[in-house]
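A.B. asks: Have a look at this one before I ask anything.
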Amino acid sequence: MGGALERWWFAPVPARRVRILSVIVYLFLPLDMMLFTGSVWGHAENPSGYRPVLVARLLHLPGASPVLVYALFAVVIGAALVAAWGRLPRAAGYVVATGYLYWALLAMSYGKVDHDHLALVVALFVLPTAARAGEEAAGWAMRCVQIAVVAAYFLSAYAKIRHGGWEWPNGATFQWAVSRRGTFFGEFVASIPGALLIGQWTVLLAETASPVLLFLRGRALYAALAFWGLFHLLTWAAITIHFLPHVICLAAFLPLERAAIGWKRARGGAAGKPASVVGDDAVEPVH
């Protein structure tokens, strides 16, 4: 049993997969810090209402201030660009991880906690461990990100029932959301009898079953990822909630290195070179 669990945790993946996901994550951070957790900028100018979440309380972290926020932003983005470039991947990566964690804690300590950043924070801490390491280390890092993605879904289902009871899937949860921040598309769906109720049960059941993502392979996995991608797209279209920080971490389930290989071969073919030999000598085996 121990051997099987170890093989599952450390299932080898190409190091290039971790490298590609790292670049995606690091280059996403400026967008996130300017827009999705951009409330930190306002808190720097108006710091009242700071109610630190548990981790911030345990670490005795001070609230937002202009000097802190501007310095933190500069350090995180500077280190993220260095890490994305491939320089000092571990040192720069850990600077990004600790700095962004502080930023996220600030964003969540003024009355609203979003669960769409859980996988992103985990990714920032585990991806540097696989920098210039072997395929088993890369597999462990990707597995940690996958588990964080699944945990966000599963714990969301648990929270719905814990705090809302069975009135959550049977009540007017989605109707309330549409009336509060709905779009034309959301109002159209709400006008279909029973559509929102079916949607509530679909979301609850899908989130409860989300751990199966960790064991699916091939087309079944791609179909499940397509379902979640469509779910987040429809959620954004209906009530303008996007979960983009979480969505990009779904890429941890994908063979990202194959897309890179295909892109290199396409470039080679466009340049008049035999596509079959472009970059083949530098390609890690695909698992």
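The values are calculated or read from the model by the stated rules, or taken from the named source; none is laboratory data. Since this is a predicted model, take the numbers as computed values, not measurements. Ideal geometry is used to build each Cβ from the backbone, glycine not excepted, and the neighbour counts take in all protein chains shown. All accessible areas refer to the heavy atoms of the entire protein, side chains included, with ligands and DNA or RNA removed. Shrake-Rupley method; radii C 1.70, N 1.55, O 1.52, S 1.80 Å.
A.B. asks: Residue by residue through segment 1-30, note down the ones that are open to solvent by 50 Å² or more (accessible area, probe 1.4 Å) and outside any helix (DSSP H, G or I).
C.D. replies: Matches in segment 1-30: M1, F10, P12.
A.B. asks: Here are some conditions: (1) out of contact with any Phe, Trp or Tyr (no Cβ under 8 Å at 6 or more places or on another chain); (2) aliphatic (A, V, I, L, M); (3) in contact (Cβ under 8 Å) with a residue 40 or more places away in the chain. L35 meets all but one. Which one does it not meet?
C.D. replies: Only one criterion in (1) out of contact with any Phe, Trp or Tyr (no Cβ under 8 Å at 6 or more places or on another chain); (2) aliphatic (A, V, I, L, M); (3) in contact (Cβ under 8 Å) with a residue 40 or more places away in the chain is unmet by L35, namely (3).
A.B. asks: Taking segment 64-85, which residues are open to solvent by 20 Å² or more (accessible area, probe 1.4 Å) and either in contact with a Ser or Thr (Cβ under 6 Å, 6 or more places away or on another chain) or in a loop (DSSP other than H, G, I, E, B) (or both)?
C.D. replies: S65
Results for (1) over 24 Å from M142 (Cα atoms); (2) in contact with a Phe, Trp or Tyr (Cβ under 9 Å, 6 or more places away or on another chain), shown as yes or no for each residue.
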{"position": "W9", "(1), (2)": "no, yes"}
{"position": "R17", "(1), (2)": "no, no"}
{"position": "E45", "(1), (2)": "yes, no"}
{"position": "P62", "(1), (2)": "yes, yes"}
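A.B. asks: While we're on this one: Can you confirm whether R17 is of a type in the set (K, R) and closer than 19 Å to L120 by Cβ?
C.D. replies: Taking the combined requirement at face value, the residue satisfies it.
A.B. asks: Can you name the number of the only condition in (1) modelled with pLDDT of 90 or more; (2) out of contact with any Pro (no Cβ under 9 Å at 6 or more places or on another chain); (3) under 29 Å from P211 (Cα atoms) that P128 fails?
C.D. replies: The failed condition is (2).
A.B. asks: Output the residues belonging to segment 48-68 that are of a type in the set (S, T, Y) and out of contact with any helix residue (DSSP H, G or I) (no Cβ under 9 Å at 6 or more places or on another chain).
C.D. replies: Of everything in segment 48-68, just one residue is of a type in the set (S, T, Y) and out of contact with any helix residue (DSSP H, G or I) (no Cβ under 9 Å at 6 or more places or on another chain), namely S48.
A.B. asks: Can you name every residue in segment 132-151 that is small (G, A, S), open to solvent by 20 Å² or more (accessible area, probe 1.4 Å), farther than 22 Å from D114 by Cβ and part of a helix (DSSP H, G or I)?
C.D. replies: A137, the sole residue that qualifies.
A.B. asks: Go through (1) touching a helix residue (DSSP H, G or I) at 6+ places or on another chain (Cβ under 9 Å); (2) within 24 Å of A130 (Cβ to Cβ); (3) free of Cβ contacts under 8 Å to residues at least 40 places away in the same chain for E45 and report which single condition fails.
C.D. replies: If we test E45 against (1) touching a helix residue (DSSP H, G or I) at 6+ places or on another chain (Cβ under 9 Å); (2) within 24 Å of A130 (Cβ to Cβ); (3) free of Cβ contacts under 8 Å to residues at least 40 places away in the same chain, just (2) comes out false.
A.B. asks: Grab the helices (runs of 4 or more DSSP H) fully contained in segment 152-251, keeping just those with 3 or more residues being farther than 30 Å from L127 by Cβ, open to solvent by 60 Å² or more (accessible area, probe 1.4 Å) and out of contact with any Cys (no Cβ under 8 Å at 6 or more places or on another chain).
C.D. replies: In segment 152-251, the matching helices (runs of 4 or more DSSP H) lie at 173-181, 184-190, 195-208.
A.B. asks: Next up: Looking at (1) modelled with pLDDT under 95; (2) buried (at least 21 other Cβ atoms within 10 Å of the Cβ), which is the only condition G42 fails?
C.D. replies: (2)
A.B. asks: I'd like to check something: does segment 196-208 contain any residue that is modelled with pLDDT under 95 and out of contact with any helix residue (DSSP H, G or I) (no Cβ under 9 Å at 6 or more places or on another chain)?
C.D. replies: Yes, segment 196-208 contains a residue that is modelled with pLDDT under 95 and out of contact with any helix residue (DSSP H, G or I) (no Cβ under 9 Å at 6 or more places or on another chain).
A.B. asks: Also, I was wondering about something else. Looking only at segment 252-273, count every residue that is assigned to a helix (DSSP H, G or I), charged (D, E, K, R) and either at pLDDT 85 or above or surrounded by fewer than 18 Cβ atoms within 10 Å (Cβ to Cβ) (or both) and tell me the total.
C.D. replies: Adding up the residues that qualify gives 4.
A.B. asks: Pairs please, first residue from segment 75-95 and under 16 Å from L21 (Cβ atoms), second anywhere and among the basic types (K, R) and loosely packed, with under 15 Cβ neighbours inside 10 Å, Cβ atoms under 8 Å, 6+ apart in sequence or on different chains.
C.D. replies: From segment 75-95, the pairs are P89/R132; R90/R132.
A.B. asks: Right, here's the next one. Output the number of residues of segment 31-63 satisfying the condition of being within 14 Å of H117 (Cα to Cα) and in a helix (DSSP H, G or I).
C.D. replies: Adding up the residues that qualify gives 5.
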